[in-house]
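What follows is a set of notes on a single structure, which appears directly below.
What follows is calculated from the coordinates using simple rules that are stated; it is not laboratory data. Keep in mind the model is a prediction, meaning the values are calculated, not measured. Don't worry about glycine lacking a Cβ; one is built from the backbone with ideal geometry, like all the others, and counts go over all protein chains shown.
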Amino acid sequence: MSNEHLIDSPRAWLTVVATFLSSAVALGSVYSFGAFFQSMADDFGTGKGSTAVIFGVTTFSFFWLSLITSRLADRYGPRPVLAFGAVALFVGLWTTSNVNSISVGYVTFGTGAGIAAACAYIPMLAHVGGWFEKRRATAVGISVAGIGVGTLVMTPLAARLIDLYGWRTTYRIFGVVGSLVLAACTLMMARAPGVAGAAPSRIKEAFRSATFRKLWIAGLSSGMALFVPFVFAVPYAKERGVSSVAAATLVGVLGGSSVLSRIGFSWLTNHFGSFRVFRFGAALCPLSFVIWLLAGSSFATLVVFMAVLGVGYGSFVAVSPLVLADLFGVVGLGSLMGIFYTAQGLGALIGAPVAGRLIDVYGGYTMPLLVALGFGVISFLLLTLLPTTPSGTLAVAGVHQAEAGGPGSDLAVALNAFDETLMELEDWADT
């Protein structure tokens, strides 16, 4: 029996609530890492570079595992995927609270929180789109705002709880409460009606596109810079006399400003074009690092830095699906988003630990900030090389054509093999 009459119904809005809360809890747990950073480094006796690897591994796991969880949610529905994420969050945070070695923490937090985030965001967001037609933009906009709200709330909350109970007990609290929230969201989530929940993977098609490959490299460059403040803005402020809760509020400012920009930039695309707005948001990343370099010990200037970066980050999240839809259409958009976001995951895996190592070597933040600024500039310059229509969207002529022997041909072959492996794993699971 068809359930297509449920599209745009009150039942559909339950999936929005579930996606908002699940992404807020799962991604909030990951992006609040800056509040835990110094306490964990002191406890383990590790440098900033080694400690930052935890965040890099977690974010890398989140973005790359989303390729698999999105396919599993398409095949088996969102509920079992989100339920598994609830278990992963509890196990990951609880075991992390008991480890005595940073290397073990790479595994417990990196895989536990990474799997939870991979289950709670992109697969759920893809199903939200299938539940709506008339109010799809509004529903998706509310859903993606969960990440910003989670970052806004959970980072200062983590800092306060760490001051009261220590980082280990705080992770236990986050693990118990977070897993219960995800379990409740599991009950509210359901497969989208009709065929929307079974869109095909488009990994091979994406990497045959020269335009997409350039977008992916630009995303990698921006990710090398973007996630540095998630880890180091809090310890930077604390080293300059800012209280732990106030310092953690900086990451909350980033999350809050990203929420506002997701709404505003989505509206601006109707007037200036999706890619033009996307490119402007990318320009804000290197601009924000200039502000950080000039901030010194000024808390107010650090707030401005995080707000500017948050606006740019929010534009990436809000507008990138529109840019991808301009290139490839809306069918299979979930898999396109998944493979595009892997660039950010790889950037986080490299960028934050490298920044930490530079801080350890040079004894200050100037060098890593200059490096991050450079990667932000590279990302923006790569985007300026892509052709744009008079209306401000990407010029898509020939975008679906693979260039024989082009720089992305080997990568396309590798992704083709990866995609086929996923299908073989799914067939094996069915048996």
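With θ taken as phi - 60° and the Karplus curve 6.51 cos²θ - 1.76 cosθ + 1.60 applied, the whole-hertz 3J(HN,Hα) list for segment 246-259 is 5, 4, 5, 4, 4, 5, x, 4, 4, x, x, 5, 5, 5 Hz, x standing for glycine and proline. Computed from backbone phi with θ = phi - 60° and the Karplus coefficients 6.51, -1.76 and 1.60, the 3J(HN,Hα) list for segment 209-219 is 8, 4, 5, 5, 4, 5, 4, 5, 5, 5, x Hz; x is used for glycine and proline. Excluding same-chain residues fewer than 8 positions from residue 48, which lysines have a Cα within less than 25 Å of its Cα? Candidates past the 8-residue exclusion: 238. Mean projected area of the convex hull spanned by the Cα atoms of segment 7-430, taken over all viewing directions: 19.1 nm². For 32, 335, 103, 39, the sequence from fewest to most other C-beta atoms within 10 Å is 103, 39, 335, 32. So what's the gap between the Cα centers of segment 266-294 and segment 83-139, to the nearest angstrom? Using only Cα atoms to place each centre, the spacing works out to 28 Å.
Remark: spin-label model distance residue 214-residue 164 equals 5.2 nm, labels positioned 7 Å along the Cα→Cβ axis. Relative contact order of the chain: 25 percent, from C-alpha pairs under 8 Å at least 6 residues apart in sequence. Counting charges near residue 272 (Lys, Arg +1; Asp, Glu -1) among other residues having Cβ under 15 Å from its Cβ returns a value of +1.
Per-residue Cβ neighbour counts within 10 Å put 271, 127 in the sequence 271, 127, beginning with the fewest. What are the residues whose amide H is under 5 Å from the amide H of residue 77, where those residues sit 5 or more places off or on another chain and H is modelled from the backbone? Excluding prolines and chain starts, which carry no amide H, there are no hits.
Ordering 131, 167 from the fewest to the most neighbouring beta carbons within 10 Å gives 167, 131.
Across the chain, the longest run free of exposed loop sites, meaning GluC sites (Glu not before Pro) lying outside DSSP classes H, G, I, E and B with no more than 14 other Cβ atoms within 10 Å, spans 134-402. Taking amide H positions as modeled 1.01 Å from N, with prolines and chain starts lacking one, the residues under 5 Å from residue 388 and 5 or more places away or on another chain are 395.
Once divided by 2.2 N^0.38 Å, the Cα radius of gyration of segment 222-322 becomes 1.09.
Fully extending the segment from residue 304 to residue 100, taken as 0.36 nm per residue of separation minus the present Cα-Cα distance, adds 69.7 nm. A Gaussian network model of the chain, with springs between Cα atoms under 10 Å, assigns the largest mean-square fluctuation among 125, 302, 385 to 385. Just so you know, the Cα atoms of segment 139-291 work out to an Rg and Dmax of 19.2, 56 Å.
Taking the square roots of 5 times each eigenvalue of the Cα gyration tensor of segment 6-117, largest first, gives ellipsoid semi-axes of 31, 14, 11 Å.
Give the Kirkwood hydrodynamic radius (Å, one decimal) of segment 116-167, defined as one over the mean of 1/r across all pairs of different Cα atoms. The Cα-based Kirkwood calculation yields 12.8 Å. Residue-wise HN-Hα couplings along segment 342-348, as the Karplus relation 6.51 cos²θ - 1.76 cosθ + 1.60 with θ = phi - 60° gives them from phi, are 4, 4, 5, x, 5, x, 5 Hz; Gly and Pro carry x.
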